[in-house]
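The values are calculated or read from the model by the stated rules, or taken from the named source; none is laboratory data. Everything numeric in this text was worked out from a predicted model, so none of it was measured. Neighbour counts run over all protein chains shown; Cβ positions are idealised from the backbone, glycine included.
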Amino acid sequence: MQARPAPVVDFPAAGKMRMLSLHSNTKITMQILLTAIFLSAPALLIWLAHHQRWAARVGVIVLCYAAGLVLGNTGVIPAQAQGVQQGISEVTIALALPLLLFTLDIRQWSRVAGKALLSMAFATVVVFCLATLLYFVYRDSDPERAANLAAMSVGVYTGGTPNLAAIRTGLDIPNAQYLVFHSMDTVVGTVYSLWMLTLGVPLFRTLLPGSRPTSPALQHPEPVDEDDYRPLLRRGNLGQVIAALLLGALVVAAALGLSQVLASDGERNSAVLIVALTTLGILLSLHHRVRALALSYRLGMYLIYVFCIAVSSMVSFDELLQLDTTVAVFLLVTVFGGLLLHALLCRLAGVDSDTFMVTSVAAVGSPPFVPLMARALNNPGAILPGMTTGVIGYALGSYLGISLGLYLHSL
């Protein structure tokens, strides 16, 4: 009997497979570790705020922003982890939005709807006028670029990033120009958010008429400490926490399905996703058993804290050194110049301070940032008008930006 030849083993190929397997395992381990850090960091910062006076004065939201900036700019997070950061920010904000809305009483919104819409109209008109003015200032040097910057400014500061992407496509804006604008927008937006969440609150409450905070949890007859997250860990509340998470997950799944159905070129429609999350959360809040899930608000806020850390960890200080002054002027003038003019118009019209601030954040920072502002104001009832006006901004942002861009290009 003829002996069978011995099997041939390709040792280099086998070694390559082991290396790929090792690399894959390392990547998975890194993703799990980073996810655990992002999810647990707010708990440490909340504990710090309850045990250190300076941390309590600063506030948990600002501590989360600062922690994210430190993590993102000290080399702790590897460059290849950006996908993890982006994923965590998207998942947490998508799940947080319905959780925050479940305990809101929609009947409270009728008291401020008119003022919120008026404030949003002021914000839109102001940014539209300032962007157009800046176009004429920079038209002589490069009219096409100035028109693109004006259009993107209007789109992103009445709607958000989805509108910015739509405007880039609609006006055929060069990719490099879009990326520079988007990078600077991230930096300016972070500075704006930190200002509004800290010094902006006492300043605008002094300059504008006052408003009375409302509680989102109807079942609390007495004031509660909304920064006390220990009830989430109690065994007796486990059923309520699980119920809220499952209901929130169902809302996210339904919203994702709708946004995918209405997608173009296979990409999820982010604007539709935000609209669907908000609408479904509001509709479910009409049921008394859903409003009875008192802990869903704190659960949503904890996810917002995770979102803050993840988003700020993606901001690089080095980006400031790579951007030209024209883009910086467009963004700084439309954001901070617009903020002052918006506040002036609201004062003249008698719009209260809290409504002004949540609608400003909805316009400049987009709807996902409204809960942060409402928490800093200690006025959860401001979430609903802020989210509603933000959604209106999403609907109008692309139309306004593209229309302005086409008109300016035609001059």
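Below is a table of values for the structure above.
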{"read-out": "Test: residue in the range 326-340 that is among the polar types (S, T, N, Q), out of contact with any strand residue (DSSP E or B) (no Cβ under 7 Å at 6 or more places or on another chain) and over 26 Å from GLY210 (Cβ atoms)", "value": "yes"}
{"read-out": "Near pairs, Cβ below 9 angstrom, 6+ apart or cross-chain, from the range 139-158 (at positive phi) to any residue that is part of a loop (DSSP other than H, G, I, E, B) and modelled with pLDDT of 90 or more", "value": "none"}
{"read-out": "Residue that is surrounded by the fewest Cβ atoms within 10 Å (Cβ to Cβ) [pool: residues in the range 40-81 that are more than 20 Å from the chain's Cα centre (by Cα) and within 19 Å of LEU377 (Cβ to Cβ)]", "value": "ARG57"}
{"read-out": "Unique residue being within 21 Å of SER89 (Cβ to Cβ) and at pLDDT below 90 when the list is ALA244, ALA271", "value": "ALA271"}
{"read-out": "Residue check, LEU341 under 30 Å from TYR135 (Cβ atoms), in contact with a Cys (Cβ under 9 Å, 6 or more places away or on another chain) and modelled with pLDDT of 90 or more", "value": "yes"}
{"read-out": "Candidate set from the range 51-65 (those that are at pLDDT 85 or above and touching a helix residue (DSSP H, G or I) at 6+ places or on another chain (Cβ under 7 Å)); member that is farthest from ARG375 (Cα to Cα)", "value": "ALA55"}
{"read-out": "Elements of type helices (runs of 4 or more DSSP H) contained in the range 278-374, each with 2 or more residues being more than 16 Å from GLY386 (Cα to Cα), free of Cβ contacts under 8 Å to residues at least 12 places away in the same chain and not acidic (Asp, Glu)", "value": "288-291, 338-349"}
{"read-out": "Count - residues of the range 276-291 that are crowded, with 22+ Cβ neighbours inside 10 Å and β-branched (Val, Ile, Thr)", "value": "1"}
{"read-out": "Flag for VAL201 being closer than 30 Å to ALA67 by Cα, among the β-branched types (Val, Ile, Thr), touching an Asp or Glu at 6+ places or on another chain (Cβ under 8 Å) and buried (at least 17 other Cβ atoms within 10 Å of the Cβ)", "value": "no"}
{"read-out": "Checking ILE167 against (1) buried (at least 24 other Cβ atoms within 10 Å of the Cβ); (2) modelled with pLDDT of 85 or more, the condition it does not meet", "value": "(2)"}
{"read-out": "Selection count, the range 59-90, where residues are over 17 Å from TYR302 (Cα atoms) and assigned to a helix (DSSP H, G or I)", "value": "12"}
{"read-out": "Residue among LEU344, LEU400, LEU348, LEU408 that is surrounded by fewer than 21 Cβ atoms within 10 Å (Cβ to Cβ) and within 15 Å of VAL127 (Cβ to Cβ)", "value": "LEU344"}
{"read-out": "Long-range neighbours under 8 Å by Cβ, at least six apart or interchain, first residue farther than 17 Å from VAL306 by Cα within the range 52-74, second loosely packed, with under 14 Cβ neighbours inside 10 Å", "value": "ASN73/PHE317"}
{"read-out": "Some residue of the range 122-131 being closer than 24 Å to LEU299 by Cβ, in contact with a Ser or Thr (Cβ under 6 Å, 6 or more places away or on another chain), buried (at least 21 other Cβ atoms within 10 Å of the Cβ) and of a type outside the set (A, V, I, L, M, F, W, C)", "value": "no"}
{"read-out": "Hey, ASP318 under 16 Å from THR190 (Cβ atoms) and modelled with pLDDT under 75 or not", "value": "yes"}
